[in-house]
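Q: Got a structure here, written out as structure tokens. Questions coming.
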Amino acid sequence: MDGEELTEEETALYDRQIRVWGVDAQKRLSKAHILVSGLNGTAVEFCKNMVLAGVGNLTLMDDRPVTEDVLQSNFLIPPDEAYYSGRSLDELCCESLKDFNPMVRVSIEKGDLSQFDGEFFDKFDAVVVSCCSLKIKKAINEKCRRRPRRVALYAIECRGSCGEIFIDLQNYTYIQKKSDGTAECQLKYPSLEEAISIPWRDLPRKVSKVYFAMRVIERFELSEGRKPGETSISDLPLILRLRKELCDAQSLSESHVPVSLLERMLAAGGKEHPPVCATLGGVLGQEVIKAISGKGDPLKNFFFFDTADGKGIIEDISNSSTS
């Protein structure tokens, strides 16, 4: 691979992982620049994993203040009000992450990501978004897709005991290991807009119920102008009415969106379960490393996790032109 060689210090520090994915993969990772907008529990777990893996640059965006819900799932911030009072999440997390690996350049970017123009995204290899509405996620996804160089988009959502990761690698080429050697493979990913616009009746027969529940709650938040976490169990009657409307329109049985699942998601409010965050953050870190290195079969294009059954489920939700 062209580019600067790893220093002796980097080679020594990353020796174990170099033995797993090779020097070239580590060099690609050490040159990569990742943007994380929205520092929820899953995003924080992901940031920790990427810093320990040796990503070159990590930029954080989240100027929200610290709350009790944040402290429950963000292990980077000590529960000492004297320490975090008056400081933003990105400032606090940046300070802590630098201690994990001084060789990684961790910085913060102020502002509203949805208001940045397309050129802002050109310096990043991957963008991870959370803590924002579906409308904003779709807008950022489209900005990434319009760039001359591929900018991968990862959208994460954690609602209590359930979580979801969406991945858009656009047109992606990678090396797949086979029994008789290796082969170059290509995948075409749909945008978030394209993926969630696929009629429910056209989806695989056993799509995770978490997928449908996420879409129902998202639609409710969109119609009410709310952000994730602002919806609660008191909204259940209205959400059940919306569930019926959507299922009727999509010719789908309401049993695909169980009331018990919606109740669990809504009861959490803005709270996250740390074990779910750790699971999603681990999967997300693994997928970003695979995408940057070009090694390993990438996940396409949704990952769901529910503590009720402890299963992680991968779903390829694509139309015929992108499958």
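The values are calculated or read from the model by the stated rules, or taken from the named source; none is laboratory data. Not measured: the values here are computed from a predicted model. Cβ coordinates were reconstructed from backbone atoms using ideal geometry, including for glycine residues, and neighbour counts include every protein chain displayed. Areas reflect the complete protein model, heavy atoms only, side chains present, ligands, DNA and RNA absent. Shrake-Rupley method; radii C 1.70, N 1.55, O 1.52, S 1.80 Å.
Q: About the Cα centre of the chain, how large is the charge dipole given +1 on each Lys and Arg Cβ and -1 on each Asp and Glu Cβ? Please answer in debye to the nearest 20. Could you put the intermediate results ahead of the total?
A: Working: 42 positive and 50 negative charges, 198 e Å.
Charge dipole of the chain: 960 debye, to the nearest 20.
Q: Taking a temperature of 10 °C and a viscosity of 1.306 mPa s, what whole-number D in µm²/s does Stokes-Einstein yield for region 198-268 with Rh from Kirkwood over alpha carbon pairs?
A: It comes out at roughly 129 µm²/s.
Q: If I take R0 = 35 Å and measure r between the Cβ atoms of LYS98 and GLU230 in this structure, what FRET efficiency does the formula 1/(1 + (r/R0)^6) give, to the nearest 0.05?
A: Efficiency at R0 = 35 Å is approximately 0.65.
Q: In a Gaussian network model over the chain where Cα atoms closer than 10 Å are linked, find which of GLY41, GLY111, GLY229 has the largest mean-square fluctuation.
A: GLY111
Q: Which ³J(HN,Hα) values in Hz, rounded to whole numbers, follow from the phi angles of region 136-151 under the Karplus curve 6.51 cos²θ - 1.76 cosθ + 1.60, where θ = phi - 60° and Gly and Pro get x?
A: 5, 4, 5, 5, 5, 4, 5, 5, 5, 5, 8, 6, x, 10, 4, 10
Q: Taking each pair of distinct Cα atoms in region 248-290 once, what is the resulting Kirkwood hydrodynamic radius in Å?
A: Answer for region 248-290: a Kirkwood hydrodynamic radius of 13.1 Å.
Q: Simple spin-label model, 7 Å along Cα-to-Cβ: GLU91 to ASP117 in nm?
A: Modelled inter-label distance: 2.9 nm.
Q: Taking the Cα centre of the chain as the origin and placing charges on Cβ (Lys, Arg +1; Asp, Glu -1), which of LEU262, VAL129, PRO199 is farthest toward the positive end of the dipole?
A: The one lying farthest along the dipole's positive direction is PRO199.
Q: Just to check I understand the Karplus step: with θ = phi - 60° and J = 6.51 cos²θ - 1.76 cosθ + 1.60, what whole-Hz values come out for region 221-228, glycine and proline as x?
A: In residue order, the calculated couplings are 4, 5, 5, 9, x, 9, 8, x Hz.
Q: How about LYS290: which lysines have a C-alpha closer than 21 Å to its C-alpha, ignoring those fewer than 8 places off in the same chain?
A: LYS27, LYS31, LYS48, LYS123, LYS177, LYS178, LYS188, LYS300
Q: Now, a different point. Check the straight Cα-Cα distances from LYS271 and name the aspartates and glutamates below 14 Å, setting aside those fewer than 8 residues away within the same chain.
A: GLU68, ASP69, GLU157, GLU230, GLU263
Q: Also: 7 Å from Cα along Cα→Cβ at both LEU222 and TYR83: what's the point-to-point distance in nm?
A: My value for the distance between the label points is 4.0 nm.
Q: Where the only charges are on Cβ atoms (+1 Lys, Arg; -1 Asp, Glu), what is the dipole of region 198-268 about its Cα centre, to the nearest 20 debye? It would help to have the intermediate numbers written out before the result.
A: Details: 12 positive and 10 negative charges, 56 e Å.
In total the dipole reaches around 260 debye.
Q: Take the alpha carbon atoms of region 45-71, find their center, do the same for region 270-293, and report the distance between the two centers in whole angstrom.
A: Using only Cα atoms, the two centres lie 12 Å from each other.
Q: Among ASN319, GLY281, TYR84, flag the residue with its Cα farthest along the positive direction of the charge dipole of the chain, charges on Cβ as +1 for Lys/Arg and -1 for Asp/Glu.
A: The listed residue farthest towards the positive side: ASN319.
Q: If you average the sequence gap of Cα pairs under 8 Å that are 6 or more apart and divide by the length of region 148-284, what percent do you get for the contact order?
A: This gives 32 percent for region 148-284.
Q: Placing +1 at every Lys and Arg Cβ and -1 at every Asp and Glu Cβ, with all other atoms neutral, what dipole size does region 22-146 have around its Cα centre, in debye to the nearest 20?
A: 640
Q: Something else about it: When ligands, DNA and RNA are left out and all protein chains stay put, how many square angstrom of accessible area per residue does the chain have with a 1.4 Å probe?
A: Ligands and nucleic acids excluded, the result is 46 Å² per residue.
Q: A follow-up question, please. Just need the relative contact order of the chain here, percent rounded to a whole number, with Cα pairs under 8 Å and 6+ apart.
A: About 21 percent, as a whole number.
Q: Further question: So what is Rg over Rh here for the chain, counting just Cα atoms and using Kirkwood for Rh?
A: Here Rg/Rh amounts to 0.96.
Q: Ordered by residue, what ³J(HN,Hα) values in Hz, to whole numbers, does region 190-201 give under the Karplus form 6.51 cos²θ - 1.76 cosθ + 1.60, where θ = phi - 60° and Gly and Pro are x?
A: For region 190-201, the Karplus curve yields x, 6, 4, 4, 5, 5, 7, 8, 5, x, 4, 5 Hz.
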